[in-house]
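Only the coordinates and a few stated rules stand behind these numbers; no lab work does. What you see is a predicted model; the values in this text were computed from it and never measured. Don't worry about glycine lacking a Cβ; one is built from the backbone with ideal geometry, like all the others, and counts go over all protein chains shown.
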Amino acid sequence: MSGVKLDRVVKTYGAVQVVHGIDLHIKPKEFVVLVGPSGCGKSTTLRMIAGLEEISGGTIAIDGRVVNRVAPKDRDVAMVFQNYALYPHLSVAENIAFGLRIRRTPREEIRRSVAEVAEILGLTQYLERRPADLSGGQRQRVAMGRAIVRHPKVFLFDEPLSNLDAKLRTQMRAEIRRLHNRLGVTSIYVTHDQVEAMTLADRIVVMNGGRIEQIGTPMELFTNPANLFVAGFIGSPPMNQLRGRVVRDADGPAVMIRDIRVRLPRDVSVEDSQEVLLGVRPEHVLLAARSNATPVPISLDLVEPLGSEALLHAEIHGQPFVIKAPTQGDVGRFSGLDMIHLPAEELKVFDAETGRSLITHQVSGG
Ligand SMILES: Nc1ncnc2c1ncn2[C@@H]1O[C@H](COP(=O)(O)OP(=O)(O)OP(=O)(O)O)[C@@H](O)[C@H]1O
Ligand SMILES: [Mg+2]
């Protein structure tokens, strides 16, 4: 099984640099997701790995071999795109077999491989159909079949699910992960959808403006975001950010949000009167008092029921604040809510100027 190594990889178009020297070491069999906002360089990075874009600087190695000057067809990677671009006049079987045919694979071997892949993807009964007579999800599976049948060293996916409706997307997402668990092929997957990243990845790479903000497991990024960008990108709804100023005294570190004094966890590296943003996940807010949790008055503005949970939109001294709380079957329980409680051990703190996390136990990213 094959790893993929990017070292100081740069991409420039004319005078414009769009990827600024990224380092990324992907282990054999790993499922890595590149996530970030539109234009941050995800597709460009993936296409450089595939060999579809030239590399302006640095090196890319697949399975220990530098491939900077290796043609795409000789890199032994298979790519699945958003527009799966099946051949409309060919059957499902012929579409899956296409790559093997142009490689002059013996007929009997093609037949066996196509049957095996169709079985894995649940396409056996559709092998004689044309793409036009399939659903979107089935077409996407054919596109994956085309990639799988070649037994590549690495799968590259560029937003393969974004043409599907929400329900099918969730279903196909689980199928892709099951397929990975079964085949164990090193996979690099691009999406701008943080839920897709969280659910699919062994490790997530958060990109922004052609740079890597943080690399980590989904839970590492959720629990210990290295900076405000990652804190705002991973998690839904995003982490609340309350502007305040640090005070340090005998009681330990705290943040003043005007007259409200919020106790911080012990493992923060903050200076007295430092300007910070206090990070609070909507799901970590408590509605009932508890020791080591600071009571904070809120003004509740809107309740959005989601079913078992509700989103409560509120303000704290004019700063927007969202709470995710269990409904226990009745959103009436939130009426008149004017106090919440912030548990010290769940709070994050970021430098207001640099955006960096000031929590000291965290593993650093990048
Ligand atoms: N051929 C090109 N010439 C000039 N600039 C380009 C070219 N291709 C891409 N870019 C620029 O490079 C940057 C990164 O593009 P890229 O397609 O990698 O973004 P992305 O992260 O995949 O975004 P999206 O989520 O919208 O697909 C963008 O600013 C884009 O405008
Ligand atoms: Mg893209």
Which ³J(HN,Hα) values, rounded to whole Hz and listed in residue order, are derived for segment 341-352 from phi using the Karplus coefficients 6.51, -1.76 and 1.60 in 6.51 cos²θ - 1.76 cosθ + 1.60 with θ = phi - 60°, glycine and proline given as x? 9, 10, x, 3, 5, 9, 7, 10, 9, 10, 5, 5
Sequence neighbours fewer than 8 away in the same chain don't count; with that in mind, list the lysines whose C-alpha is under 27 Å from residue 11. 27, 29, 42, 73, 153
Let me have the relative contact order for the chain, percent, based on Cα pairs under 8 Å that are six or more residues apart. 16 percent
Of all GluC sites (Glu not before Pro) in segment 271-332, which ones are in loop regions per DSSP and have a Cβ with at most 12 other Cβ atoms within 10 Å? 271
Amide H to amide H under 5 Å from residue 274: which residues, 5+ apart in sequence or cross-chain, H placed 1.01 Å off N in plane? 246
Long-range alpha-carbon pairs in segment 1-42, meaning those over 11 Å apart, account in percent for 71 percent
From the helices alone, meaning DSSP H stretches of at least four residues, give me the mean residue ellipticity at 222 nm for the chain, per-run term -39500 (n - 2.57), in deg cm²/dmol to the nearest 500. -7000 deg cm²/dmol
If one computes P(r) from the Cα atoms of segment 233-310, what percent of pairs lie at distances over 16 Å? 59 percent
Size of charge dipole - the chain - debye, nearest 20, with Cβ of Lys, Arg +1 and Asp, Glu -1, no other charges: 1640 debye
Can you work out ³J(HN,Hα) from phi for every residue in segment 288-301, in order, using Karplus 6.51 cos²θ - 1.76 cosθ + 1.60 and θ = phi - 60°, giving whole Hz and x for Gly and Pro? 10, 5, 7, 5, 6, 10, 8, x, 9, x, 10, 10, 7, 10
Which whole-number percent is the relative contact order of segment 230-351 (Cα, under 8 Å, 6+ apart)? 28 percent
In vacuo Debye sum over C-alpha of segment 272-345, base-10 log of normalised intensity I(q)/I(0) at q = 0.14, 0.24, 0.26, 0.27 Å⁻¹, listed in q order, is -0.44, -1.19, -1.35, -1.42
For residue 8 and residue 195, what does the FRET efficiency come to when R0 = 25 Å and r is the distance between their Cβ atoms, rounded to the nearest 0.05? 0.20
When the Karplus curve 6.51 cos²θ - 1.76 cosθ + 1.60 is applied with θ = phi - 60°, which whole-Hz ³J(HN,Hα) does each residue of segment 243-252 get, with x for Gly and Pro? 7, x, 10, 6, 10, 10, 8, 4, 6, x
Any idea which of 257, 161, 149 is furthest toward the positive side of the dipole for the chain, if Lys and Arg beta-carbons carry +1 and Asp and Glu beta-carbons -1? 149
Given H placed on each backbone N at 1.01 Å, which residues far from residue 243 in sequence or on other chains put an amide H within less than 5 Å of it? 278
By average Cβ neighbour count within 10 Å, what is the ranking of 228-237, 345-354 from highest down? 228-237, 345-354
Name the residues whose placed amide hydrogens come within less than 5 Å of the amide hydrogen of residue 294, ignoring near sequence neighbours (fewer than 5 apart) on the same chain. 263, 342, 344
On average, how much area does the Cα convex hull of the chain cover when viewed from any direction, in nm²? 22.2 nm²
